[in-house]
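Here the structure is laid out as structure tokens; the discussion comes afterwards.
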Amino acid sequence: MSTRSEKAAQALSRFGELAWFKLPTEHHKLHGYHQVAHMGWRYRAPTNGIAVHIEDVVDAVPTQVAWTLDRTRRNWLLVPSRIAREAGGLEGPSFADIVHSINTQDQEFCLKTLSDLDLIVRRLEASVGQ
């Protein structure tokens, strides 16, 4: 797990025990381009209070792009809203295609999401106990 992934997982685990966590690498291993930032996780015992707190933290961060926290399924997913919009939702098969398209065609957007996610993680770390 990368340092970036470790920091994100640690920030989220402050709100509850993580059963699962996934954060794509910053760079594509083979081609070297930046990848759009997004992360998924699942708490062993999720509560609505945790979700609302995370949503409030994400909304309070001055990000460069809009973000969506999807918790309609077992695993929660924090993604740039553009992905959800262009994929027509997060449950469809086009999600991976949209992420790949952005990765290969919009590096500026990828860099913005990487910067934003770092800010979000820092804010989550600082919000524990608030």
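The values are calculated or read from the model by the stated rules, or taken from the named source; none is laboratory data. Just so you know, these numbers come straight off a predicted model, no measurement behind them. Positions of Cβ are generated from backbone atoms using ideal geometry, with glycine treated the same way; all protein chains shown enter the neighbour counts. Surface accessibility is based on the protein's heavy atoms, side chains included, excluding ligands, DNA and RNA. Shrake-Rupley method; radii C 1.70, N 1.55, O 1.52, S 1.80 Å.
How far is helix 48-60 tilted, in degrees, relative to the longest principal axis of the Cα atoms in the chain, given as a value from 0 to 90 rounded to the nearest 10? Long axis of 48-60 versus the principal axis of the chain: about 50 degrees. What is the percent of Cα-Cα separations in region 1-93 that go past 18 Å? Every Cα pair in region 1-93 considered, those over 18 Å come to 49 percent.
Here the accessible area of the chain is 50 percent carbon and sulfur, with a 1.4 angstrom probe and all protein chains present. Average accessible surface for the chain: 54 Å² per residue, computed with a 1.4 Å probe over protein heavy atoms with every protein chain in place. A Gaussian network model of the chain, with springs between Cα atoms under 10 Å, assigns the largest mean-square fluctuation among Ala11, Ala60, Ala45 to Ala45. For the peptides 74-87, 98-111, residues were scored by their other Cβ atoms within 10 Å and the scores averaged per peptide; the highest-first order is 74-87, 98-111.
Relative to the longest principal axis of the Cα atoms of the chain, the long axis of helix 94-105 lies at roughly 60 degrees.
Let me know the charge dipole size of the chain about its Cα centre in debye, to the nearest 20, where only the beta-carbon of Lys, Arg (+1) and Asp, Glu (-1) is charged. With only Lys, Arg, Asp and Glu charged at Cβ, the dipole is about 360 debye. Sites listed here are chymotrypsin sites (Phe, Trp or Tyr not before Pro) in region 7-68 whose DSSP assignment is loop and whose Cβ has at most 13 other Cβ atoms within 10 Å: Tyr33.
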